[in-house]
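To start, the structure under review is shown below, and the notes come after it.
The values are calculated or read from the model by the stated rules, or taken from the named source; none is laboratory data. The shown structure was predicted, so the numbers you read here are calculated from the model rather than taken from an experiment. Glycine gets a Cβ as well: all are built from the backbone with ideal geometry, and neighbour counts include every protein chain shown.
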Amino acid sequence: MRVDVAPTVEALAGRSVQQAVVLVIDVLRASTTMVAALASGCAGIVPVADADEARRRAAALPPGTALTAGERRGEPIPGFDLGNSPVDCTPERVRGRLIVFTTSNGTRALLAARAAAAVGVAALVNARAAADWARGGGRDVLLLCAGERGGVSLEDHVCAGLLAERLRDEEATLAPAAEAAARVAGGYGKDVGRLASDSAWARHLARTGRAADVAACLALDTTALVPVYRPDVDKVVSGPR
């Protein structure tokens, strides 16, 4: 098994993922929000490219069965039921509902990976479970960081490095990009909370009143739930693959 890292969605250009297991990483906040929503009992998550598509898809479903959720540049989309917040995904709000979801980076990464043999969603909160899930696929693993509008995101890169280390064993080899991510992650393995000050996006979210989201996202291995994107039913659901 070979473990590799794509530091941004743009790094997938010209690359085939059809034979790989892909873990999509958007720590702040889409990956963590999806974990929280499924843990709270939502019926599934439909990732879409933009707000207009989200509105169309939700409107086509039976009344009362769907919620629209998402953000652009960190801000909730006007008229949507939810933003992109793990804290807001309580059972009272999402249980039994289908969430039609669009974000600046995370859903874009999910859609880019849809041709893979299997697609899971990883964050810090489910890192160990996500690594175990990916290893169980018996294929090469690509750790796909959503990044920030085409740039490398520190928190995603750290998460990818932690995942790479957890996937490293006698049967797995790390590609140079995975080794590089593991080195970056080395300084955070015992204290991912430091990303609250080291990550520019974490600082931005805190300044705009979303410190509770940051705290929820920067917690390590708090759940064994792994969201799995199933293009055949066009939904992200709770595993297995």
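Quick notes on this one:
- Whichever residue in the stretch 114-142 is out of contact with any helix residue (DSSP H, G or I) (no Cβ under 9 Å at 6 or more places or on another chain) and aliphatic (A, V, I, L, M) and, among such residues, is surrounded by the most Cβ atoms within 10 Å (Cβ to Cβ): 116
- In the stretch 28-51, the residues that are closer than 14 Å to residue 84 by Cα reach residues that are part of a strand (DSSP E or B) and among the aromatic types (Phe, Trp, Tyr) with C-beta atoms within less than 6 angstrom, at least six apart or across chains, in these pairs: 45/101; 47/101.
- Only a single criterion out of (1) surrounded by fewer than 19 Cβ atoms within 10 Å (Cβ to Cβ); (2) out of contact with any His (no Cβ under 9 Å at 6 or more places or on another chain) is not satisfied by residue 180, namely (2).
- Test: residue in the stretch 21-34 that is farther than 30 Å from residue 167 by Cα, among the β-branched types (Val, Ile, Thr) and touching a Cys at 6+ places or on another chain (Cβ under 8 Å): no
- Checked against the criterion of being modelled with pLDDT under 95 and either within 26 Å of residue 45 (Cα to Cα) or surrounded by 15 or more Cβ atoms within 10 Å (Cβ to Cβ) (or both), the stretch 212-221 contains not a single residue that satisfies it.
- Contact map, the stretch 98-118: residues that are closer than 13 Å to residue 147 by Cα paired with residues that are modelled with pLDDT under 95 and charged (D, E, K, R), Cβ distance under 6 Å, separation 6+ or inter-chain. No pairs are found.
- Qualifying positions in the stretch 142-163 - in a helix (DSSP H, G or I) and either touching a strand residue (DSSP E or B) at 6+ places or on another chain (Cβ under 7 Å) or without any contact (Cβ under 8 Å) to a residue 24 or more places away in the chain (or both): 156, 157, 159, 160, 163
- Any hit, the stretch 148-171, residues being surrounded by fewer than 22 Cβ atoms within 10 Å (Cβ to Cβ), within 17 Å of residue 35 (Cα to Cα) and either out of contact with any Asp or Glu (no Cβ under 6 Å at 6 or more places or on another chain) or not acidic (Asp, Glu) (or both): no
- Residues within the stretch 162-181 that are hydrophobic (A, V, I, L, M, F, W, C) and farther than 15 Å from residue 122 by Cβ, tallied: 5
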